[in-house]
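Everything below concerns the one structure shown next.
The values are calculated or read from the model by the stated rules, or taken from the named source; none is laboratory data. Just so it is clear, the structure is predicted and the values come from calculations on it, not from any experiment. Here the Cβ positions follow ideal geometry from the backbone for every residue, glycine too, while neighbour counts run over all protein chains shown.
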Amino acid sequence: MGQTIIEKILSSHSGQEARANEIVVARVDYVMGQDGTAPLAIRAFNEMGGSRVFDPECVAFVIDHSAPSPNEGVSALHKMMREFVREKGFRLFDIGEGVCHQVVPESGVVGPGSLVIGADSHTCTYGALNAFSTGVGSTDLAGGLISGRMWFKVPETVKFVCNGTLAPGVYSKDLILHLIGEVTADGATYLAAEYAGEAIAALSQEARFTIANMAIEMGAKAGLMEADEKTMAWLRRYTDREFKPVSADPDASYARILEYDVAKLEPQVARPHRVDNVAPLSQVAGKPVQQALIGTCTNGRLEDLRIAAGILGGRKVHRDVRLIVAPASRRVFLDAMAEGIIQTLVQAGAAVVTPGCGPCVGTHNGVPSDGETVISTANRNFKGRMGNSNAEIYLASPASVAASALTGKITDPREYI
Amino acid sequence: MQFSGKTHKFGNDVNTDYIISGKYKFKTLDMKELAKHVMEDLDPDFYGKVSTGDFIVAGTNFGCGSSREQAPLAIKYADVGAVLAKSFARIFYRNAINTGLPVVECDTDRIEPGDELTVDLEAGQITNKTKGTVIPIKPLPKVMIKILNDGGLAAHFQKYGGFNFS
């Protein structure tokens, strides 16, 4: 019997033939923590009697969730992280460098066949690079920092085969929202997801990250894709390291194989207050919005900003809307400046904030008021997510958010393409 | 381990933002302070209502969302005895075991708010004293029983210096 992608990666990292439902202790290639989770991990590290991290080259902390610090409580936690990193001699991505799920791939440390744990639920993002990467909590993170290992129950895999071609104005965000709506928020709990088919192959590498990023929103432990020429070309921009792609065997065993024809898919939204409360955008078109957010680990990459600039260029954001743009990383910010994208967005009326997670996680940089509606490119719309439980959040593609920022109401981006 | 208490019932897909909002959790490592805000967005009075040893009872996919370990810790520091749900999101489930919050997978349909329960992890069953019924518990994986018995993952590492499941 053949193996799935995740069974192969767990086999190569545990030294045993890993099969679904077995428990393995596996070597990890990279360990990451962010400022919402690392402070508790430092506490657990000390409780565990840790003295050094297993390999300083394979560890990073990222200060992105509240960056720069909005208050003294956060400042104290950031200081604690900086001191720990200095003492242990590993890498810190400090304020302004970007969101963990952008800076880790950009630093060239993760690629096909890698095994990564991160103390952030959206660590599944690197599955788009054919890696097994998954979110853990702070205590597991501390265990990984000390030992360079982690225990896993080998998950079964659900395979999503996406056939057909996405129509113009319909993006990978619309596709993943649709899939989450289909299988619901716990449709892949305890499972790994594999995304395949001609629609996935046709996506750019950047667009693929959006899909893998949201695997956790269907409960999945990982969201994996096979590597192709686009994957390898993307990696070559950031590293000289050699990676060996991992493919599923043709006779691998899957929990389920789900096939979709995406050709007729329209722009989608996730309505408040659940990511799986998905509908075609047309069903909520015209709903007034007061804030629009373009950014986050889901949709803050160069291509996303370029799409938004394409719609906002030469136009003005509606006077009743605040448009907030948070590039996913400093590199994205610089690339977007070099291309004139930032200029276009700012001229249209956008407020550009420091690369980071702030608005999406409700820490600062755009907390909505009572009764307000936000349209966002983020991955979660839970009540209170952006810092106010009396506000509503709709999730959509960067194009849909940009179009809605122009008109002041939820708007189909195809009117502007 | 055996626990007794009364129940507070919630629905499906209780996410970690509802358990402890991001606007609080990033500021402090004082879990007693965070515990005052536990479940606030679903029930603003929850912290005032809950007594030591009470149970949170929920439907499917409890703890979905973020990997924040502050979620099980806030529940634990609110002195909740255990969380009972039909299913749990996997990161929350691991975090709860690692930090010593008992999590129990079982059929919660026939448990109502205010019911008096006794949860017996060794016997693998829950006795609903109010209704006079017995509900079986889905057993934990052996690895997790080992971690729980050692007193959480930090204590496990203290004892063995790494993962030891042999």
Is there any pair with a first residue in region A:356-379 that is within 11 Å of another protein chain (Cβ to nearest Cβ) and a second that is assigned to a helix (DSSP H, G or I) and of a type in the set (Asp, Glu) whose Cβ atoms are under 9 Å apart and which are 6 or more apart or on different chains, and what are they? A:361/B:17; A:362/B:17; A:379/A:217
Just name the residue that is farthest from residue B:94 (Cα to Cα) out of those in region A:161-211 that are in a strand (DSSP E or B) and out of contact with any Lys or Arg (no Cβ under 9 Å at 6 or more places or on another chain). A:163
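If you go through region A:208-236, how many residues are away from chain B (no Cβ under 14 Å) and buried (at least 23 other Cβ atoms within 10 Å of the Cβ)?
Number satisfying all stated conditions: 8.
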Give region A:320-347 a look and list any residue that's touching a residue at least 40 places away in the same chain (Cβ under 8 Å) and over 21 Å from the mean Cα position of the chain (by Cα), or say none. A:320, A:321, A:322, A:345
Only one of (1) of a type in the set (Ser, Thr, Tyr); (2) out of contact with any strand residue (DSSP E or B) (no Cβ under 8 Å at 6 or more places or on another chain); (3) modelled with pLDDT of 95 or more does not apply to residue B:118, and that is (2)
Residue satisfying all of: in region A:382-405; in a loop (DSSP other than H, G, I, E, B) and within 19 Å of residue A:304 (Cα to Cα); farthest from the other protein chains (Cβ to nearest Cβ) among these: A:397
Counted residues in region A:332-358 being among the charged types (D, E, K, R) and either crowded, with 20+ Cβ neighbours inside 10 Å or more than 25 Å from residue A:63 (Cα to Cα) (or both) come to 1
Residue list for region B:39-65, filter: away from every other protein chain (no Cβ under 14 Å) and among the β-branched types (Val, Ile, Thr): B:50, B:52, B:56, B:57
Are there any strands (runs of 3 or more DSSP E) wholly within region A:2-116 with 2 or more residues that are more than 11 Å from every other protein chain (Cβ to nearest Cβ), and if so which? A:30-34, A:59-62, A:91-93
Among (1) facing chain A (nearest Cβ under 10 Å); (2) surrounded by fewer than 21 Cβ atoms within 10 Å (Cβ to Cβ); (3) not polar (S, T, N, Q), residue B:11 falls short only on (1)
Mind checking which residues of region B:119-148 are surrounded by fewer than 14 Cβ atoms within 10 Å (Cβ to Cβ), more than 18 Å from residue B:97 (Cα to Cα) and not polar (S, T, N, Q)? B:123, B:129, B:132, B:134, B:136
Evaluate the following for residue A:202: is it more than 30 Å from residue A:283 (Cβ to Cβ) and either more than 18 Å from the chain's Cα centre (by Cα) or in the same structural domain as residue A:299 (by TED's automatic domain parsing) (or both)? no
If you check residue A:281 against the conditions, is it touching a Pro at 6+ places or on another chain (Cβ under 8 Å), farther than 21 Å from residue A:155 by Cβ and buried (at least 16 other Cβ atoms within 10 Å of the Cβ)? yes
For region A:185-195, state whether one or more residues are under 18 Å from the mean Cα position of the chain (by Cα), more than 14 Å from every other protein chain (Cβ to nearest Cβ) and at pLDDT 95 or above. yes
